[in-house]
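One structure is given below, encoded as structure tokens.
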């Protein structure tokens, strides 16, 4: 093979899998279904994408009703099979503003 022969060879494109990230609110009615998808090189990148997307989605919506809210991302592959799911939960608890009474110890 001559040094320039590699330039004339047909290229082998490496296909990067496409994943679809569907987001669900706590009421299961607020669904953002991904119809475009994102190319991810593997499991670690799918997980990282979900980890970054959940807080970005939830930041303006927590809390809506009460002090508990959950957001879920469900990731599908190109064959429409769910391959990963992650949930981000916000839970707020009020402890009150009064100082609790101190019991006096008797001798």
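In table form, for the structure just shown:
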item	result
Unique residue being at pLDDT below 90 and within 29 Å of residue 17 (Cβ to Cβ) when the list is 56, 91, 44	56
Those residues of region 15-41 which are more than 30 Å from residue 67 (Cβ to Cβ), touching a strand residue (DSSP E or B) at 6+ places or on another chain (Cβ under 6 Å) and at pLDDT below 90, in sequence order	16
Qualifying positions in region 59-87 - under 15 Å from residue 17 (Cα atoms) and modelled with pLDDT under 90	none
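The values are calculated or read from the model by the stated rules, or taken from the named source; none is laboratory data. The structure presented is a predicted model; accordingly, all values stated were derived computationally and were not measured. For neighbour counting, all protein chains shown are included, and Cβ atoms are generated from backbone atoms with ideal geometry for every residue, glycine included.
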